[in-house]
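The values are calculated or read from the model by the stated rules, or taken from the named source; none is laboratory data. As the structure is a computational prediction, the values presented were derived from the model and not from experiment. Methodologically, a virtual Cβ is constructed for each residue, glycine included, from the backbone with ideal geometry; neighbour enumeration extends over all protein chains shown.
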Amino acid sequence: MTDRIPLYYADQSQWGFREFNHLNSYLNRLFLYEDDDEKSARIASMDLGRMTRETIALIGAILTQYGKRSSTPAKFPNLRSKELWRPLETPLFLNERPLDLFPAYANMNIRY
């Protein structure tokens, strides 16, 4: 059996909005159900140093959107980083025609 590289560590150099939208959906489910033992173990093993700025910004937006900006990093010391709250320099598009309904994403320069 081959070990798969977690999606949040994948090479994103050729990604478009569809792939980033898929990553966003995956991360949303992971953090929404962080009390699940399997998901909690995945979050606890995350290494922000192996992630792109886009992935880190997505995590920051998700935690802010769910009101977990303080509680999740408190629970998972590996997520204690100011990088989670630093907006992207260039916009990241998750949709071909973004509606920008979520301020947590807009504040991170993520067009959703």
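Quick look at the numbers
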item	result
Residue in segment 67-81 that is part of a helix (DSSP H, G or I) and closer than 23 Å to Q12 by Cα present	yes
Residue within segment 60-67 that is loosely packed, with under 13 Cβ neighbours inside 10 Å, of a type outside the set (D, E, K, R) and modelled with pLDDT under 95 present	no
Any hit, segment 70-82, residues being touching a Gly at 6+ places or on another chain (Cβ under 9 Å) and among the basic types (K, R)	no
Selection within segment 95-112 - more than 13 Å from the chain's Cα centre (by Cα) and among the small types (G, A, S)	A106
Lone qualifier among L88, L84 - being within 14 Å of Y8 (Cβ to Cβ) and modelled with pLDDT of 95 or more	L84
Output for segment 23-57, where each listed residue is of a type in the set (D, E) and either assigned to a helix (DSSP H, G or I) or loosely packed, with under 13 Cβ neighbours inside 10 Å (or both)	D35, D37, E38, D47, E54
Qualifying residues in segment 68-94 (those that are within 20 Å of H22 (Cα to Cα) and over 14 Å from the mean Cα position of the chain (by Cα)) - the one surrounded by the most Cβ atoms within 10 Å (Cβ to Cβ)	P91
Filtered residue count, segment 95-112, keeping only those that are surrounded by fewer than 15 Cβ atoms within 10 Å (Cβ to Cβ) and either among the aliphatic types (A, V, I, L, M) or not in a loop (DSSP other than H, G, I, E, B) (or both)	3
